[in-house]
Amino acid sequence: MKIVHIILTHSFAGSERYAVELANTQAEQQHQVTVILHKRGCEQRANAIRHRLSDKVQVQVVDGWKFFAIWQARKMIRMLKPDVAHAHLSAGCRVLQGLKGLCLRVATLHICYKKQQHAKLDALIAIAPWQLDAIPASLQQHCIQLDNWTNTQLTAPAAKTELRQKLGLAENELIFGTLGRVEATKGHDVLVRAFVKANIPNARLVIVGDGKAMPELKKLVNDKLAGDKVLLAGFSTTPQDWLYSFDVFVSSARYEPFGLVFLEAMQAGLPVLATASQGAQYLQPLFGRDLVPVDDVEALANAMLTLAAAKPEKITYPMQRFDIQARVQDVVDFYQRELAKLS
């Protein structure tokens, strides 16, 4: 099958990871795969996108301001004449709106259904059941809900003791950790306040990631005089090293549609403590513990104290349903189903 993915953002995060892993795996499955990227996503920096794509994936590059980049991407797709064009996030969806009848036009709902982005497309992939409620009935028959995925064969990159030495973490500390983009929706400010309030002996909070909210977060840590207890590690090219050095994974998100990082934490065997975001509510039966109300500093602090007192141990989660090979095949099967409806 000839497939084109469109992802015109500039930096690597959860939605970009989904697009990259989908393209790479489809190419491994012998499909002819092209990814259209913005020039900014191809820069020589750690959080760019281009260097994460397999050599088996063809890359086309657009540049310039948003609407010019969208025009270029449409032109490329017309030349490529794919069977399927798959959009990721808002600019990618806008590209496909001008290509009706050329191919099957699919988008993944990385956040939620938005009429201006998705209503005119041919088919949609929801990543969680709650997203389906907003989709019009006429489009629901061209939708499917498919869980996100992870590499279920992944193992620890090294022993925890070795990882902690490498990362500058004490072997005997209780590490509460989180990983992802630092932005207001992730609630890192609540997490810092809760951790300081909990005041757990011999514990440290590690926040791995970067983003627009980092300056405010640094100020909060300084204002709380918590620099010795809260480590802001910044963006990491080796997030698995950090995950496998944690004792507990914490999500304080105000909004999280699914949360690929939940799957990464579960694959690492970490106890998961989470606020009641949409994604956490969906996955909560696997976590095996109650969720914490969003934006509730005291409740999160108490939950951290309770978990610390229980001396958390590794957990073996049932990860088969999140296997990347099986879920990517589900995507391809969905393409074929919807192509049959178009013909």
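The values are calculated or read from the model by the stated rules, or taken from the named source; none is laboratory data. Not measured: the values here are computed from a predicted model. Cβ: placed from backbone, ideal geometry, glycine included. Neighbour counts: every protein chain shown.
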- Message: Against the definition (touching a Leu at 6+ places or on another chain (Cβ under 6 Å), crowded, with 22+ Cβ neighbours inside 10 Å and of a type outside the set (Gly, Ala, Ser)), how does residue 258 come out, yes or no?
- Response: no
- Residue check: is residue 326 over 30 Å from residue 30 (Cβ atoms) and hydrophobic (A, V, I, L, M, F, W, C)? no
- Members of the range 122-161 that are part of a helix (DSSP H, G or I) and either at pLDDT 90 or above or among the hydrophobic types (A, V, I, L, M, F, W, C) (or both): 129, 130, 131, 132, 133, 134, 137, 138, 139, 140
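Listed here are the residues, each with its yes/no results for (1) touching a residue at least 40 places away in the same chain (Cβ under 8 Å); (2) among the aliphatic types (A, V, I, L, M).
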site	(1), (2)
4	yes, yes
16	yes, no
41	no, no
53	no, yes
- Note on the structure: Here the residues within the range 83-102 that are buried (at least 22 other Cβ atoms within 10 Å of the Cβ) and touching a residue at least 60 places away in the same chain (Cβ under 8 Å) are 84, 85, 86, 87, 88, 92, 95, 96
- Matching residues in the range 13-55 (among the hydrophobic types (A, V, I, L, M, F, W, C), surrounded by 17 or more Cβ atoms within 10 Å (Cβ to Cβ) and touching a Phe, Trp or Tyr at 6+ places or on another chain (Cβ under 9 Å)) number 4
- Message: Suppose we filter 73, 107 for residues that are among the aliphatic types (A, V, I, L, M), surrounded by 21 or more Cβ atoms within 10 Å (Cβ to Cβ), closer than 23 Å to residue 147 by Cα and outside the structural domain of residue 261 (by TED's automatic domain parsing); which single one remains?
- Response: 107
- Unique residue being surrounded by fewer than 20 Cβ atoms within 10 Å (Cβ to Cβ) and under 25 Å from the mean Cα position of the chain (by Cα) when the list is 161, 178, 150, 238: 238
